[in-house]
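Worksheet: one structure, shown below.
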Amino acid sequence: MDVNQIVQTIAIFALPVILAITLHEAAHGYVARHFGDMTAYAQGRVSLNPLRHIDLVGTIIVPLLMLLVSRGVFLFGWAKPVPVNYSALRNPKQHMAWVAAAGPAANLAMSLAWAMLLKLALVLPPNFFTLPMAAMARAGILINLVFMFLNLLPILPLDGGRIVASLLPGRASWRYAKLEPWGLPLLLLMLVTHVLDFVLGPLVNVGVSLIHAVVML
């Protein structure tokens with residue numbers, strides 16, 4: 001992938017990535033507020049302003065460097081995590097599962113919204129507007145499914161790990177939570193060894209196929 005292709009890829013993926021990150025994190029804060037924790041709301045994180053969720057290193061620098069160094073093969077990054085005060089939730093153990101699930105649920109909703117935009121782009125006559133719109137919609141579907149399935153992996157501190165910790169009985173949940181410091185190193189190892197591709201690839205492919213099948217109805 002040459003520089004022009006990388007620039008084009010960034011242009012197509014920029015808006016879907018920003019929206020995927022922003023709504024994912026805002027959803028966590030919104031559901032936490034609904035269940036009694038005002039921490040994220042007080043810090044302005046229940047917001048659709050992407051600047052409140054973007055991490056300079058994790059959202060911009062690292063993904064761009066990985067995209068350039070790998071010539072478009074790898075893309076990895078993170079946003080500022082939404083602060084959640086576990087003890088402020090009305091039913092901490094049960095409600096934390098809902099708070100964690102809110103982010104992936106938002107990504108699923110966005111993938112369906114991008115699918116509707118893709119349907120519109122395919123129905124309209126091909127032109128200088130509908131062609132990039134279709135490309136961006138396909139990127140939106142893909143990136144949101146990747147975000148959703150990645151965050152649902154049962155690895156702390158990912159949302160899937162939070163859900164598992166909330167569902168496990170007390171002692172097992174406590175022991176599971178102690179594994180959190182190993183979560184990020186494990187994810188990085190899975191990324192560089194392509195295990196993450198092996199795990200996520202089939203899930204994302206099935207998700208994309210299902211959504212495209214619905215779009216083409």
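Table for the structure above
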{"item": "Unique match (being under 30 Å from PHE128 (Cβ atoms), under 14 Å from the mean Cα position of the chain (by Cα) and either in a helix (DSSP H, G or I) or at pLDDT 90 or above (or both)) among ILE10, ILE18", "result": "ILE18"}
{"item": "Extreme residue, surrounded by the most Cβ atoms within 10 Å (Cβ to Cβ), among residues of region 96-128 that are among the aromatic types (Phe, Trp, Tyr) and farther than 23 Å from VAL214 by Cα", "result": "TRP98"}
{"item": "Qualifying residues in region 82-138 (those that are touching a Lys or Arg at 6+ places or on another chain (Cβ under 8 Å) and β-branched (Val, Ile, Thr)) - the one modelled with the lowest pLDDT", "result": "VAL82"}
{"item": "Members of region 21-55 that are over 24 Å from ILE141 (Cα atoms), of a type in the set (A, V, I, L, M) and in a helix (DSSP H, G or I)", "result": "ALA32, ALA40, ALA42"}
{"item": "Scan of region 98-129 for residues that are touching a residue at least 24 places away in the same chain (Cβ under 8 Å) and over 20 Å from LEU145 (Cα atoms), ordered by number", "result": "LEU122"}
{"item": "Leading residue by the ranking (farthest from LEU108 (Cα to Cα)) among those in region 174-204 that are in a loop (DSSP other than H, G, I, E, B) and modelled with pLDDT under 90", "result": "THR193"}
{"item": "Those residues of region 82-95 which are in contact with a helix residue (DSSP H, G or I) (Cβ under 6 Å, 6 or more places away or on another chain), surrounded by fewer than 22 Cβ atoms within 10 Å (Cβ to Cβ) and either free of Cβ contacts under 8 Å to residues at least 60 places away in the same chain or under 23 Å from ILE21 (Cβ atoms) (or both), in sequence order", "result": "PRO83, ASN85, TYR86, LEU89, PRO92"}
{"item": "Matching entry among LEU48, LEU15, LEU56 (being out of contact with any helix residue (DSSP H, G or I) (no Cβ under 9 Å at 6 or more places or on another chain) and more than 21 Å from LEU152 (Cα to Cα))", "result": "LEU56"}
{"item": "In region 155-173, the residues that are more than 17 Å from ALA100 (Cα to Cα) and in a helix (DSSP H, G or I)", "result": "GLY170, ARG171, ALA172"}
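The values are calculated or read from the model by the stated rules, or taken from the named source; none is laboratory data. Bear in mind the structure is a predicted one, so any value in this text is a computation, not a measurement. Cβ: placed from backbone, ideal geometry, glycine included. Neighbour counts: every protein chain shown.
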